[in-house]
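Some notes on the structure that comes next.
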Amino acid sequence: ADFYDQRTLAYCSGSLVGGSLVLTAGHCISGDPEHRSYFKDVYVVFGWKQSAAGQYEAAFTEDQVYEVGRIVVRKLANLDVIYDKNRYQDYSLLQLDRPVQGRAPLVLDRTGEFLIVGNKVFLAGYPMGMSVKITDPDDATIKEIGENIYTTDLDSFGGSSGGPVFGSKDAKEGLRAF
């Protein structure tokens, strides 16, 4: 009920991880021209936010809107075992049509050093296509870790797929996504 009157724009979230590379969920994009999320029909938009109650930053400049040039890699595998943290895969890396201007890529934790059961985490995403929402850094923790995915008790819902999860400790030290 808190968000019943908010405008929507997106259907998934993602993260800039390189000059023209965006990381998102595998189910957010498709290489099939008949699919609703065919990559050539998808735009990546930076800066979709609500500035005040009922006021949105909904006029975008050219440096905020990008086309997806190609799918670098897409994994959406083992859907029959979605709760198997060792087999299920759901991610994609997209190359945009040009380098992103005026935004720094996220630093990814590739070591797993901070991915520890019990560590606090928070999420940034566009749930149900609404403007950006960021969860409280003290409200969620990592519950289980598998080979391919980990589980948390984050308060998220559809549209947040592909959004970055941050270690809460990093909120004060500089963001690092994992």
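Tabulated results
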{"item": "Spherically averaged projected area in nm², based on the convex hull that wraps the Cα atoms of the chain", "result": "11.0"}
{"item": "Where the stretch 1-153 is the region considered: accessible area per residue in Å², 1.4 Å probe", "result": "60"}
{"item": "Carbon and sulfur %, accessible surface of the chain computed with the full protein complex present, 1.4 Å", "result": "50"}
{"item": "Modelled FRET efficiency - R0 22 Å, residue 110 with residue 27, Cβ distances, 0.05 increments", "result": "0.45"}
{"item": "Difference of contour (0.36 nm per residue) and Cα-Cα distance, residue 139 to residue 67", "result": "22.5 nm"}
{"item": "Computed [θ] at 222 nm, helices only, for the chain once each DSSP H run of length n ≥ 4 contributes -39500 (n - 2.57)", "result": "-500 deg cm²/dmol"}
{"item": "Aspartates and glutamates whose Cα lies under 14 Å from that of residue 169, excluding same-chain neighbours fewer than 8 positions away", "result": "109, 113, 136, 138, 139"}
{"item": "Theoretical gain in end-to-end length, residue 151 to residue 169 [0.36 nm per residue, Cα-Cα removed]", "result": "4.7 nm"}
{"item": "Most to least packed among 116-125, 99-108 [average Cβ atoms within 10 Å]", "result": "116-125, 99-108"}
{"item": "Pairs from 40/75; 49/143; 85/143 whose Cα-Cα separation, in the structure shown, is over 22 Å", "result": "49/143"}
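The values are calculated or read from the model by the stated rules, or taken from the named source; none is laboratory data. These numbers were taken from a predicted model, which means no experiment stands behind them. Virtual Cβ from ideal backbone geometry, glycine too; neighbours counted across all protein chains shown. The area values use the complete protein model at the heavy-atom level, side chains included, leaving out ligands, DNA and RNA. Shrake-Rupley method; radii C 1.70, N 1.55, O 1.52, S 1.80 Å.
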